[in-house]
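So the structure is just underneath, and the comments pick up after that.
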Amino acid sequence: MSRIAIVTGASSGLGREFVKRIDAGEAGHVDEIWVIARRAERLEALRRTCSTPVRPFCLDLTDTASFEVIEGALTEIPDVQVSLLVNNAGFGTFGAFATQGKQDAQKMVKLLMLAPVEMICRTLPYMHEGSRIINIASVASFVPQPKLAVYSAAKRFVLDLSRSLDAELGDCDIHVTAVCPKFMQTEFLDKAGDEAAAQAMTAIGFERVDHVVTAALKASNTGKGLCIPSLDMKAYYALSRVLPYKAALAVERHLGIL
Ligand SMILES: NC(=O)c1ccc[n+]([C@@H]2O[C@H](COP(=O)([O-])OP(=O)(O)OC[C@H]3O[C@@H](n4cnc5c(N)ncnc54)[C@H](OP(=O)(O)O)[C@@H]3O)[C@@H](O)[C@H]2O)c1
């Protein structure tokens with residue numbers, strides 16, 4: 001049997017850290033790691049740093065043909081098992097919806113919502129008892145966020161999809177973990193669009209990429225459906241579930257986030 005882990009958005013930030021930690025055995029034994037992103041040279045550089053065999057897939061996950069490539073590659077391997085899928089690829093454009101480029105909005109919908117759904121559909125037939133799915137959501141999913149409308153709605157989709165799939169698949173010991181990080185110092189913020197809006201929101205503070213991956217893998221390995229790595233955001237999540245939306249927005253305005 002050939003056990004593989006698949007990480008989308010592996011060319012930088014959180015995804016790259018996931019690959020390093022899977023390579024170090026923190027998600028159990030895998031025979032191969034498949035890494036997906038658009039920048040081939042980054043994936044190749046990552047491959048050279050790993051001791052586990054790494055198979056790079058230079059793919060744009062906003063293009064539906066990319067999922068055929070992954071499915072095709074899976075069918076070619078006899079007795080393949082997908083032990084872990086990390087749906088991580090993403091970007092977020094900040095700023096008013098009316099001034100946001102239409103293309104960005106469409107791409108966010110495709111990359112943040114359609115791509116995880118496609119990846120799960122294509123890989124689930126190759127999963128078995130003990131397989132895991134990690135979906136990267138965000139603290140932006142807790143409360144609908146003006147000036148981050150498409151991104152926060154898309155991450156809410158990821159959160160809800162993960163939780164219902166975890167409930168559905170948990171009986172087969174296939175667990176789906178939604179991970180909700182707050183801001184991290186990655187390339188994500190370099191492509192954030194409206195810098196003033198992004199800067200205001202980062203008032204909630206940053207957390208370290210390695211801490212997020214540690215928490216995510218621990219939650220996934222133990223079959224937890226939800227992982228909110230930072231303590232203050234755990235409290236914010238609890239609050240967001242009881243506060244009316246207008247009151248939550250008032251709190252965010254008071255904190256200077258909006
Ligand atoms: N950084 C934060 O503050 C933060 C906070 C909460 C949640 N998140 C989430 O964390 C995840 C990882 O983000 P990050 O912070 O690590 O940002 P990052 O460093 O910019 O990494 C994003 C990754 O997604 C890949 N990607 C982007 N568009 C793609 C496409 N069309 N097709 C395939 N791959 C694509 C990028 O690779 P290529 O450019 O090479 O394709 C890159 O590997 C995202 O889902 C993000 O929404 C980030």
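The values are calculated or read from the model by the stated rules, or taken from the named source; none is laboratory data. The model shown is predicted, which means the values in this text are computed figures rather than measured ones. As a convention, Cβ positions derive from the backbone with ideal geometry for all residues, glycine included, and neighbour counts pool all protein chains shown. Heavy atoms of the whole protein, side chains included, go into the accessibility calculation; ligands, DNA and RNA do not. Shrake-Rupley method; radii C 1.70, N 1.55, O 1.52, S 1.80 Å.
Quick notes on this structure:
- Residues in the range 137-188 that are more than 8 Å from the ligand (Cβ to nearest atom), among the basic types (Lys, Arg) and not in a helix (DSSP H, G or I): 1 in all.
- Top-ranked residue in the range 36-56 [being of a type outside the set (D, E, K, R), near the ligand (Cβ under 9 Å from one of its atoms) and not in a helix (DSSP H, G or I); ranked as nearest to residue 7 (Cα to Cα)]: 36
- Total residues in the range 69-91 satisfying the condition of being farther than 30 Å from residue 148 by Cα and in a strand (DSSP E or B): the figure is 4.
- Pairs with Cβ under 6 Å, 6+ apart, first in the range 242-253 and touching a residue at least 24 places away in the same chain (Cβ under 8 Å), second surrounded by 13 or more Cβ atoms within 10 Å (Cβ to Cβ) and not hydrophobic (A, V, I, L, M, F, W, C): 248/240
- If only residues of the range 179-216 that are touching a Gly at 6+ places or on another chain (Cβ under 8 Å) and aromatic (Phe, Trp, Tyr) are counted, the one that is least open to solvent (accessible area, probe 1.4 Å) is 183.
- The listed residues are 215, 203, 248, 192, and the only one of them that is in contact with a strand residue (DSSP E or B) (Cβ under 9 Å, 6 or more places away or on another chain) and modelled with pLDDT under 95 turns out to be 192.
- Given (1) part of a loop (DSSP other than H, G, I, E, B); (2) of a type in the set (Gly, Ala, Ser); (3) within 8 Å of the ligand (Cβ to nearest atom), number of the condition residue 66 does not satisfy: (1)
- One residue stands out in the range 121-136 among those that are of a type in the set (A, V, I, L, M, F, W, C), away from the ligand (no atom under 11 Å from the Cβ) and open to solvent by 10 Å² or more (accessible area, probe 1.4 Å): the one that is farthest from residue 203 (Cα to Cα), namely 127.
- Some residue of the range 155-165 being open to solvent by 70 Å² or more (accessible area, probe 1.4 Å) and touching a helix residue (DSSP H, G or I) at 6+ places or on another chain (Cβ under 6 Å): yes
- Restricting the range 219-233 to residues that are away from the ligand (no atom under 15 Å from the Cβ) and open to solvent by 40 Å² or more (accessible area, probe 1.4 Å), the residue that is nearest to residue 256 (Cα to Cα): 231
- Comparison of 216, 247 shows that the only residue that is part of a helix (DSSP H, G or I) and touching a Cys at 6+ places or on another chain (Cβ under 9 Å) is 216.
- All positions within the range 1-22 that are more than 16 Å from the ligand (Cβ to nearest atom) and not in a loop (DSSP other than H, G, I, E, B): 2, 3, 4
- Given (1) open to solvent by less than 20 Å² (accessible area, probe 1.4 Å); (2) in contact with an Asp or Glu (Cβ under 7 Å, 6 or more places away or on another chain); (3) modelled with pLDDT of 95 or more, index of the condition residue 56 fails: (1)
- Unmet criterion (only one of (1) closer than 22 Å to residue 163 by Cα; (2) within 12 Å of the ligand (Cβ to nearest atom); (3) without any contact (Cβ under 8 Å) to a residue 24 or more places away in the chain) for residue 216: (3)
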